[in-house]
1. Nearest 5 percent is fine: what portion of the DSSP beta bridges confined to region 24-261 is antiparallel?
2. What's the exposure ranking of Ile146, Ile359, Ile227, going from fewest to most Cβ atoms within 10 Å?
3. At a Förster radius of 35 Å, what calculated FRET efficiency corresponds to the Cβ-Cβ distance of Asp313 and Asp281, to the nearest 0.05?
4. Got a sec? Which residues in region 1-32 would a label at His305 touch, if it sits 7 Å along Cα→Cβ and we count backbone N under 17 Å?
5. Taking the Cβ of each residue in Glu160, Glu181, Glu111 as the centre, tally the other Cβ atoms inside 10 Å and list the residues starting with the fewest.
6. What ranking of Val116, Val218 emerges when the number of other C-beta atoms within 10 Å of each C-beta is taken as an exposure proxy, fewest first?
7. So what are the ³J(HN,Hα) numbers for region 91-98, from phi and the Karplus equation (6.51, -1.76, 1.60; θ = phi - 60°), rounded to whole Hz, Gly and Pro as x?
8. Can you compute the helix-only [θ] at 222 nm over the chain? Use -39500 (n - 2.57) per DSSP H run of at least 4 residues, normalise by all residues, nearest 500 deg cm²/dmol.
Amino acid sequence: MSALAKSENALNLSQGFPDFGCPPELAEAVSKAIGSGQNQYAPMAGLIGLREKISAKIFALYGAEYNAETEVTITAGATQAIFTAITSVVRYGDEVIIFEPAYDCYGPAVELAGGVCKYVPLHPPGYTIDWDAVKKICSKDTKLIIINSPHNPTGTTLGEEDMKKLEKLVSGTDIMILSDEVYEHILFDGKQHESVSRYPQLAERSFVISSFGKTNHVTGWKLGYVIAPEDLMAEFRKVHQYNVFCVNHPMQAAVSEFMDNKDHYLGLSSFYEQKRNLFLDLVNDSRFMFEPSAGTYFQNLNYSHISDEADTDFAVRLTKEHKIASIPLSVFYRDGFDHKVLRFCFAKENDTLKKAADILCRI
């Protein structure tokens, strides 16, 4: 859709990236790191100073202690972290539970590792997890459950009750968890992020994935991290050592310096909540229907009052005829469930959002 948007000269609210620059202090920190000679290989697990700051942040926010030396690893973005975590523990015939709609890298990584994907569909408008259905699908071969909150592409979040049900589900089993928390700092309406690291019985069996790209408006830097207990991290690093080895040195140094100002991530929810509210206020009089996003920088709009076209066809037509690009939600389902919903990214300049809303209100 980004390629189509470019070829059609359309506003691109499809792919999830900001259209504004990174914070000037962060760019300056990168230049300083390069100028000071931090241009050679970083340690395999990442700069220890950065890992220590991640560990301190997690303790401050979630009350969980992770050893910076043995339980934190810097990665080349969250997708690499997810792939590495999956391939480090999933073997031939292992079953992995995935909730759909799902970020598109989960299933292929499982299949490449020889695993079997067991899909649990989530349905609009709430996209809530039916934990009884999850329990029924679990078997002696279940190796891993992948969760994602705040959730891409639906913008929903898992609550405390969800985490307690997950905790009960895996208690007494060897099931591991991969928790994709790349939007951990982008929640709205006073919601609290329920990281698995808040729950000791979950944390002891979990890989937790996060992203500096999402947090610092630099998705193109491909910089993230994973935290996990030492035994799981040892397996993770066996794969990480050979598919990446180490990650961009000067950018790690810059992010480490940038983390000294906690407002850079603690203020992110407010920053994006203002953009969500602006976008929704502007499209409120349109023919699209919506439930306000609870997290991430995505907003779903239901177009069932406008057209009965397949969401893939409607998304293409909007791009070509109305010059605005989105992502149809059916592509996040293995079987292409079509609920007449499109995903729009509101990590954009306010002028971009105003132009987009003007188009949507005329459809």
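1. 30
2. On the way: Ile146 25, Ile359 17, Ile227 30.
The order, fewest Cβ neighbours first, is Ile359, Ile146, Ile227.
3. Values: r = 29 Å, r/R0 = 0.82.
Given R0 = 35 Å and the Cβ-Cβ separation, E is 0.75.
4. Under 17 Å, as judged by backbone N against the label point of His305, lies no residue of region 1-32.
5. Details: Glu160 11, Glu181 23, Glu111 14.
Ranking Glu160, Glu181, Glu111 by Cβ neighbours within 10 Å, fewest first, gives Glu160, Glu111, Glu181.
6. Val116, Val218
7. Ordered by residue, 3J(HN,Hα) equals 10, 4, x, 5, 9, 10, 8, 10 Hz.
8. It comes out at -11000 deg cm²/dmol, rounded to the nearest 500.
Bear in mind that the values in this text are calculations on the coordinates, not laboratory data. Keep in mind that this is a model prediction, so the values were computed, not measured. Cβ atoms come from the backbone with ideal geometry, glycine included; neighbour counts cover every protein chain shown.
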